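These notes concern the structure reproduced below.
Bear in mind that the values in this text are calculations on the coordinates, not laboratory data. These numbers were taken from a predicted model, which means no experiment stands behind them. No Cβ is skipped: glycine too gets one built from the backbone with ideal geometry, and neighbour counts run over all protein chains shown.
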Amino acid sequence: MRRLLALIGCLAVFDVAAQASGGCNDFRWDVTAERALFATASGAQVQAGKVASSAPDLLVGELFEVTLHPQESVQLAVPPSKAMLPDGVYAGLLRLRIPAAGSYRIALDNGAWIDVVNGDRSINSSEFSGAATCTRPAKIVVFDLAVSDVLWLQISAATSERVSVTVVPHSNDAN
């Protein structure tokens, strides 16, 4: 009986810890910075650009609540680096402002494909992590970026017309 009570006590402690983390312990890194940004009441409300020239700025260290457009109405900077769902999805462009060269984590609160574009080429991501039980953020992609006048965050194949986005510097510290 004591063993059973001890087991129930341990399970309760693990459940409380999981609830406190919001189910976000499955990421490969410490996501404290993203969790803090996503916990703010609301981020800057922006409408993604349908073309690069109308794309709003996305700044490092801030939360953005982005309204996307039906994907067929968006002129993406480059073709997405992954085959996309053809109908009923959303897309948009944001101008990415990077203060210094380095690795950056781009986090989303729901499913979408992201590409970072420099000029006319897509930059390969260096890492990816997601947590099925975490929604703020749900997905994080790491890119090694140089400072550039023209970097675009291209969001495509989103199943929702709204997506929350953050960008933070990346370190290789494990979770």
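Laid out as a table, the results:
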read-out: Per-peptide average of other Cβ atoms within 10 Å, ordering 143-150, 163-170 highest first; value: 163-170, 143-150
read-out: Chain lengthening between residue 161 and residue 147 when straightened (0.36 nm per residue, less Cα-Cα); value: 2.1 nm
read-out: Fraction of alpha-carbon pairs over 19 Å apart in the range 24-169 - percent; value: 46 percent
read-out: P(r), alpha carbons of the range 119-170 - 5 Å bins starting at zero, rounded %; value: 4, 13, 25, 28, 18, 9, 3, 0
